[in-house]
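Some notes on the structure that comes next.
The values are calculated or read from the model by the stated rules, or taken from the named source; none is laboratory data. Here the structure is a predicted model, which means the values were calculated and not measured. Cβ sites come from the backbone with ideal geometry, for glycine too, and all protein chains shown count toward neighbours. Only protein heavy atoms, including side chains, enter the accessible area calculation; ligands, DNA and RNA are left aside. Shrake-Rupley method; radii C 1.70, N 1.55, O 1.52, S 1.80 Å.
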Amino acid sequence: PWSVRATAAVYVMPDDDAFVQPAVAVDRGSLLLEGRYNYEDRNSLSGFIGWNAAVGSTVTLEVTPMFGGVVGDTNGIIPALALTLSFRRFELYSEGEYVIDVDDRRNRFLYSWSEASVWATDWLRAGLVTQRTRTIRERRDNPREIERGALVGLSLGKFEGAFCLFNPG
């Protein structure tokens, strides 16, 4: 059977325009197909094909190697990897990709997003988050390569959302 997930991250920042990062992922068995907009760079569309694998029962490791491309303000190819490590109510999630810009090799970059969270209940989680992304770093005066923050997430049936606050203070 096919399974479809849709997400949208909304970035609201001081002294910059807000923007949305929509993504759609389709799974069939171990196959993953994913499309994103504004993810690797603003005004850019990316697509991926990947393979989902999981091991373990008490401690679970899910691994998804992916390969894709991006077109728009950035044009390139992208090897990527997503990992989730779960133990009871504790969850570590990390995704990373290396964008190989085919137009200008000086624009190649490493993107990463990582979360460490605890599910306090079946519907509430809290934790820490880090990101290194070009969509923010190159759009405003930000001396940090990696942004750090806190997250709070809610899960209600088939819907899940999270609020992240980066660089508090």
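Being of a type outside the set (D, E, K, R), without any contact (Cβ under 8 Å) to a residue 60 or more places away in the chain and in contact with a Ser or Thr (Cβ under 8 Å, 6 or more places away or on another chain) is not true of Thr121. Return a yes/no flag: does region 50-59 have any residue that is at pLDDT 95 or above and open to solvent by less than 30 Å² (accessible area, probe 1.4 Å). For region 50-59, residues at pLDDT 95 or above and open to solvent by less than 30 Å² (accessible area, probe 1.4 Å): present. Restricting attention to region 20-37, the residues that are of a type in the set (Asp, Glu) and open to solvent by 30 Å² or more (accessible area, probe 1.4 Å) add up to 1.
For region 113-128, filtering for residues that are assigned to a strand (DSSP E or B) and farther than 19 Å from Leu81 by Cβ leaves 8.
For Pro65, the test of being modelled with pLDDT of 95 or more, more than 13 Å from the chain's Cα centre (by Cα) and open to solvent by 40 Å² or more (accessible area, probe 1.4 Å) is passed. Within region 1-19, the set of residues being farther than 23 Å from Phe67 by Cα, outside any loop (DSSP other than H, G, I, E, B) and open to solvent by less than 70 Å² (accessible area, probe 1.4 Å) comprises Tyr11, Phe19. Listed here are the strands (runs of 3 or more DSSP E) enclosed by region 38-89 that have at least 3 residues being among the aliphatic types (A, V, I, L, M): 53-55, 59-72, 76-87.
Read through the list (1) of a type outside the set (A, V, I, L, M, F, W, C); (2) open to solvent by 40 Å² or more (accessible area, probe 1.4 Å); (3) touching a helix residue (DSSP H, G or I) at 6+ places or on another chain (Cβ under 8 Å), then give the number of the only condition that Glu40 fails. Of everything listed in (1) of a type outside the set (A, V, I, L, M, F, W, C); (2) open to solvent by 40 Å² or more (accessible area, probe 1.4 Å); (3) touching a helix residue (DSSP H, G or I) at 6+ places or on another chain (Cβ under 8 Å), Glu40 misses just condition (2).
Just one of the listed residues (Gly153, Gly149) is modelled with pLDDT of 90 or more, touching a strand residue (DSSP E or B) at 6+ places or on another chain (Cβ under 9 Å) and surrounded by fewer than 17 Cβ atoms within 10 Å (Cβ to Cβ), and it is Gly149.
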